[in-house]
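K.L.:
Can you read through this structure? Questions will come right after.
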Amino acid sequence: MDDLYRDYILDHYKNPRNAGELPDATHRYHDTNPLCGDEITMMLKVDDAGVVDDVRFIGRGCAISQASASILTEEVKGKTLDELRSLDRDHVLGNLGITISPARIKCALLSLKALKGSAWGLTAWPGEEVPDPA
Amino acid sequence: MTTVLPRAAAALDVGRIRADFPILGRTVAGGKPLVYLDNAATSQKPRQVLEAMDRVYREHNANIHRGVYELSEETTALFEGARAKVAAFINAPHSREVIFCRNATEGINLVAYAWGRDNVKRGDRILVSVLEHHSNFVPWQQLAKEAGAELVVIDIDDEGRLRRDEFERELRKGARLVAITHTSNGLGTVNPVRELTAQAKAAGAVVLIDAAQAVPHTPVDVQELGCDFLAFSGHKMLAPPGSGAVWGRTELLERMRPFLYGGDMISRVAVDLSTWNELPWKFEAGTSAYVDAVGLGAAVDYLSAVGMERIHAHELELVGYVLPRLLEIPGITVYGSHTLEDRVGVVSFNLEGIHPHDVATIFDSEGVCVRAGHHCNQPLMTRLGCVATTRASFYLYNTTAECDALLGAIAKARKIFA
């Protein structure tokens with residue numbers, strides 16, 4: 001347990017980085033985890049060259065989902081949309097640095113889902129057309 | 001089957017009961033005793049139920065209602081014997097009115113299809129409450145959409161009790177069907193079902209009771225309630241998943257079309273025409289889950305031997321122990337009533353600043369199993385102004401020591417998130 005709720009996870013949960021509205025966002029995607037009600041809206045400001053200039057997220061939910069989003073946003077700036085699209089679950093779980101049980105994996109990966117949705121230029125989950133990044 | 005149980009004068013002999021549940025002897029989370037407090041989701045199973053089912057497979061097994069040989073006759077007798085036990089348990093006037101199905105959800109869907117599609121018309125009103133489990137909400141929501149009927153959702157007060165004034169007001173506007181929960185799985189509130197049913201019947205409505213959270217925990221008597229349909233699940237009452245029943249009045253069931261078509265539910269089949277079997281088999285197409293039904297019969301034996309009133313009293317004793325201690329915790333919100341009146345052993349709460357999923361994960365590390373989420377109660381969660389809660393739910397085998405484990409796990413969660 002002490003392995004899961006490590007200090008930096010709790011710190012990201014209580015003091016999320018890049019949290020809040022991004023008024024001039026060019027990309028915005030909202031997603032939820034219906035099981036527990038976690039919500040994340042990922043917002044990107046992408047320049048003409050397709051590089052992420054700024055990122056913010058708004059969310060509510062459990063410590064794992066919100067810390068995961070906070071940690072993920074820390075590495076987004078300066079990346080191209082193509083680079084965001086190729087991020088995978090192992091990368092995100094590796095950055096989290098904790099062992100996630102199967103029951104909580106959707107919490108940990110919701111931010112990646114939201115980030116990828118925004119990187120693909122979507123605004124919301126369009127049926128089953130977009131493959132689940134998990 | 002016979003169940004040998006202690007007949008202590010008043011309180012349950014919980015130690016003796018626990019010895020009947022093999023799973024309660026195991027450890028979790030690296031050696032901690034299992035503290036199972038998720039009984040509103042499903043219950044554990046006593047060896048008497050496991051053995052009754054095992055015996056069917058080992059000694060009797062053959063398809064029911066068909067074979068003209070000894071094994072089939074034995075299995076049929078066990079299956080129909082289980083029906084008689086279930087009928088007696090809810091005081092149904094006739095065994096044929098008890099239709100076996102997979103769970104309360106399937107039972108309610110049976111009524112929604114076989115009765116609802118022919119009887120709910122455009123402009124009709126269906127009354128439900130905001131306390132409903134999705135199983136007694138979504139079938140009526142969808143029926144209303146198909147039929148052009150109106151779904152009316154009765155609100156609760158801040159204590160989680162049904163708004164009687166609103167119920168009566170809506171009833172006066174007319175209702176074809178009142179589909180209401182006996183006992184809330186999210187809050188543990190027991191509705192005044194007998195009075196609600198009487199009022200609804202007087203207003204000309206058909207009444208369905210979702211008793212999935214009631215039949216396992218309190219005495220339920222369909223004749224006393226006066227309702228038309230009542231559904232419940234076996235797996236929440238010591239029986240296996242896949243067992244359950246919906247009870248209905250003969251005069252309604254006789255007039256209903258079948259739910260599923262196929263084998264066992266027919267009387268005669270010609271190329272262009274079929275006629276239907278008698279009750280209850282008209283509604284039991286295909287080979288029934290007869291071993292699960294036998295398990296349900298054994299569970300009913302077990303619960304009856306312990307006594308439903310005593311089980312209810314035991315659960316209230318646990319709530320009476322844990323509730324005041326919970327209410328002392330800073331930053332806790334306990335949803336629903338804060339008294340023991342009209343409730344069962346369900347306690348839903350939130351800790352400030354800690355999402356229920358984090359709470360449940362930390363509880364898990366202490367061996368404490370609770371449910372975190374919306375409990376298939378999304379309209380209720382919206383009404384309470386939250387997305388999820390942590391829910392502890394008790395049963396006959398739980399103890400005050402387990403309540404202490406729950407309180408200890410809360411302290412741990414608060415420490416981690418301090």
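Read-outs throughout are calculated quantities, based only on the coordinates presented, and are distinct from any laboratory measurement. Treat the numbers as computed from the prediction; the structure is a model and nothing was measured. Cβ coordinates were reconstructed from backbone atoms using ideal geometry, including for glycine residues, and neighbour counts include every protein chain displayed.
K.L.:
Compute for region B:100-205: radius of gyration divided by Kirkwood radius, i.e. Rg/Rh, restricted to C-alpha atoms, rounded to two decimals.
P.N.:
0.95
K.L.:
In addition: Rg(Cα) of region B:281-327 divided by 2.2 N^0.38 Å?
P.N.:
Region B:281-327 yields a ratio of 1.86.
K.L.:
For the protein assembly as shown, place one equal point scatterer on every Cα, skip the solvent, and apply the Debye formula. What is log10 of I(q)/I(0) at q = 0.05, 0.06, 0.09, 0.12 Å⁻¹?
P.N.:
-0.25, -0.35, -0.77, -1.19
K.L.:
Which residues make up the longest stretch of chain B that has no chymotrypsin sites (Phe, Trp or Tyr not before Pro) in a DSSP loop with at most 16 other Cβ atoms within 10 Å?
P.N.:
B:70-260
K.L.:
Obtain the radius of gyration and the Kirkwood radius of region A:1-49 from its C-alpha atoms and give Rg over Rh.
P.N.:
Dividing the radius of gyration by the Kirkwood radius yields 1.10.
K.L.:
Just the Cα atoms of region B:1-139, one point each, no solvent: what log10 I(q)/I(0) does Debye give at q = 0.11, 0.12, 0.19 Å⁻¹?
P.N.:
Normalising to I(0) and taking log10 leaves -0.71, -0.82, -1.27.
K.L.:
Let me see the pair-distance distribution of region A:24-134: every alpha carbon pair, 10 Å bin width, integer percents in order.
P.N.:
Per 10 Å bin, starting at zero, the Cα-Cα P(r) for region A:24-134 comes out as 15, 52, 30, 3, 0 percent.
K.L.:
Quick one: how many lysine pairs does chain B have with C-alpha atoms less than 25 Å apart and a gap of 8 or more or different chains? Give me the count, please.
P.N.:
Here the count comes out as 15.
K.L.:
State, to one decimal in nm², a quarter of the convex hull surface area for the C-alpha atoms of region B:260-418, i.e. the direction-averaged projected area.
P.N.:
Mean projected area for region B:260-418: 13.7 nm², to one decimal.
K.L.:
Also: In straight Cα distance, which aspartates and glutamates are under 17 Å from A:Lys106, not counting same-chain residues fewer than 8 positions off?
P.N.:
A:Lys106 reaches A:Asp31, A:Asp38, A:Glu39, A:Asp88, A:Asp90, A:Glu128, A:Asp132, B:Asp358.
K.L.:
Per Stokes-Einstein, at 20 °C and 1.002 mPa s, what whole-number D in µm² s⁻¹ belongs to region B:277-357, with the Kirkwood radius over Cα pairs as the hydrodynamic radius?
P.N.:
The diffusion coefficient I find is 130 µm²/s.
K.L.:
Moving to a separate point now. Hey, got a sec? Which GluC sites (Glu not before Pro) in region B:326-418 land in a DSSP loop and have at most 15 other Cβ atoms within 10 Å?
P.N.:
Here the GluC sites (Glu not before Pro) that fit, given the DSSP loop and packing criteria, are B:Glu328, B:Glu341, B:Glu352.
K.L.:
Also, I was wondering about something else. Could you work out the relative contact order of region B:126-263, using alpha carbon pairs under 8 angstrom and six or more residues apart, expressed as a whole percent?
P.N.:
Relative contact order of region B:126-263: 18 percent.
K.L.:
In percent, what relative contact order does region B:297-403 have, based on Cα pairs under 8 Å that are 6 or more apart in sequence?
P.N.:
After rounding, I find 29 percent.
K.L.:
Below 8 Å, C-alpha to C-alpha, sequence gap of six or more: please give me the relative contact order for region B:135-189 in percent.
P.N.:
About 29 percent, as a whole number.
K.L.:
What's the magnitude of the charge dipole for chain B around its Cα centre, counting Lys and Arg as +1 and Asp and Glu as -1 at the beta-carbon? Answer in Debye, nearest 20.
P.N.:
Rounded to the nearest 20 debye, it is 380 debye.
K.L.:
With only alpha-carbon atoms counted, please give the Rg and Dmax of region B:98-162, in Å.
P.N.:
Expressed in Å, the Cα Rg and Dmax of region B:98-162 come to 12.8, 37.
K.L.:
Now for a separate question. At 0.36 nm per residue, minus the direct Cα-Cα distance, what do B:Ala202 and B:Arg172 gain on full extension? Give it in nm, one decimal, please.
P.N.:
Additional length available on full extension: 9.8 nm.
K.L.:
On alpha-carbon atoms, Rg over Rh for region B:193-284 using Kirkwood Rh?
P.N.:
Over the Cα atoms of region B:193-284, Rg/Rh equals 1.06.
K.L.:
Averaging the inverse of every distinct alpha carbon separation and then flipping it gives the Kirkwood radius. What is it for chain B, in angstrom units?
P.N.:
One decimal place: 22.3 Å for the Kirkwood radius.
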